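Following: one structure in structure tokens, then a few remarks.
None of the figures in this text is laboratory data; all of them are computed from the coordinates on show. All figures in this text were calculated on a predicted structure; none of them were measured in a lab. Note that we place each Cβ from the backbone using ideal geometry, even for glycine, and neighbour counts take in every protein chain shown.
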Amino acid sequence: MIQRLAYVIFTVGILTGLAAILSVYWWPTIPGLDSLPEPQQSRTRQKRLARGFSTLVCATSGLAFLSLGVASAFEMLFGATVVRALFEVGIRNWRPRISSKPSCIVRDAETGQPLGLLVSETRNWLGGNIETFKVRIGDAQYLERAADTVIIEPVKSD
């Protein structure tokens, strides 16, 4: 009975891990997290992907070892739970390295006034041209401007 339950739990774990990994690509932002600044959104996406991957690895390993008869169902469930908990502790304490130091200042092409700091660019991948720039103008305020309306200048390091 417990062996059948373990097979079901590991199968559901595999499906859940795959769904979590695919959801990072299908829904890169989750409602409520859209208001976070770009570096925090990137960290959240990376952590969601890591959680899905760790769930998939633990469930697949548990199912494989259970099928091979390496351990009993109870031992495999306990082992997978412990390993998954250790993964979760590592993911919670993990701080991905994302550069917080801006590299470019964006200025208005007509007036020359600084608009803010460059965050990202949007490209037309067929032609390779940059179409728009995303500019951080405040703590949590962003602005998108067309590429031909701004001037990009590197930040002078001291």
Exercise for the section: Determine, yes or no, whether residue 63 is touching a residue at least 12 places away in the same chain (Cβ under 8 Å) and under 30 Å from residue 142 (Cα atoms). Expected result: no
Problem - Failed condition for residue 87, given (1) among the aromatic types (Phe, Trp, Tyr); (2) touching a residue at least 60 places away in the same chain (Cβ under 8 Å); (3) closer than 30 Å to residue 5 by Cβ - result: (2)
Practice task
Tell me which residues, restricted to segment 125-151, are within 15 Å of residue 107 (Cβ to Cβ) and hydrophobic (A, V, I, L, M, F, W, C).
Solution key: 133, 135, 137, 143, 146, 147, 150, 151
Practice task
Just name the residue that is farthest from residue 42 (Cα to Cα) out of those in segment 105-158 that are among the polar types (S, T, N, Q) and out of contact with any strand residue (DSSP E or B) (no Cβ under 9 Å at 6 or more places or on another chain).
Solution key: 111
